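J.: To start, I am sharing the structure in question, which I have written as C-alpha cells.
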Amino acid sequence: MAKVTLQVRTRDNLLELLANNESGAWVVGKDKVQQITHVQVVNFEGTQMIEGVFDRNASHYVVIENKDRLVIKFLDGRIVNCNIKFNGENPVRYV
C-alpha cells in the first residue's frame, strides 16, 4: 500500500494540538481513511506543522452540521518548520 499523508490547515494552536495528539474534526472521505499513514497539521500561515503517524484506531467520526467529520488522532507528533502554500479554501488534501 502506498503511503498517503493527510494534510490539514488550521488556525488552532499547534502546541495544544500536539499535547492532545489530536486535530479537530475534518471532512475526510471514508474511502481514504484506510490509505492514510501519516498526518501533517499545518498552521494557517504555512510556516510550521505537526508531523505524525496517523492513529487509525483512535481516530473516529463525529457528525457536525450534518456532515461526518474525522477527529484525527496521531502518534509520534513533532512540530517542524515548513513552507507550505494552500491554494483555495479547502483545508484538507492528500499528499
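The values are calculated or read from the model by the stated rules, or taken from the named source; none is laboratory data. What you are looking at is a predicted structure, and each value in this text was computed from that prediction instead of being measured. Reconstructed Cβ throughout: ideal geometry from the backbone, glycine too, with neighbour counts over all protein chains shown. We work out accessible area using only protein heavy atoms, side chains counted, and drop any ligands, DNA or RNA first. Shrake-Rupley method; radii C 1.70, N 1.55, O 1.52, S 1.80 Å.
J.: Within the group 39, 80, which residue is open to solvent by less than 50 Å² (accessible area, probe 1.4 Å), on the phi < 0 side of the Ramachandran plot and over 13 Å from the mean Cα position of the chain (by Cα)? Reasoning before the result, please.
T.: On the way: 39 fails: over 13 Å from the mean Cα position of the chain (by Cα).
Exactly one of 39, 80 is open to solvent by less than 50 Å² (accessible area, probe 1.4 Å), on the phi < 0 side of the Ramachandran plot and over 13 Å from the mean Cα position of the chain (by Cα), namely 80.
J.: On to the next question. Scan segment 21-32 and tell me whether some residue there is at pLDDT 95 or above and open to solvent by 80 Å² or more (accessible area, probe 1.4 Å).
T.: So far as segment 21-32 goes, no, none of its residues is at pLDDT 95 or above and open to solvent by 80 Å² or more (accessible area, probe 1.4 Å).
J.: For segment 1-42, give me each residue that is among the hydrophobic types (A, V, I, L, M, F, W, C), farther than 23 Å from residue 88 by Cβ and in contact with a Gly (Cβ under 9 Å, 6 or more places away or on another chain).
T.: Result: 18, single match.
J.: I'd like to know if segment 70-77 contains one or more residues that are of a type in the set (A, V, I, L, M, F, W, C), at pLDDT below 95 and open to solvent by 30 Å² or more (accessible area, probe 1.4 Å).
T.: Applying the first criterion (of a type in the set (A, V, I, L, M, F, W, C)) to segment 70-77 yields 70-72, 74-75.
With at pLDDT below 95 added as a condition, the list becomes none.
No, segment 70-77 contains no residue that is of a type in the set (A, V, I, L, M, F, W, C), at pLDDT below 95 and open to solvent by 30 Å² or more (accessible area, probe 1.4 Å).
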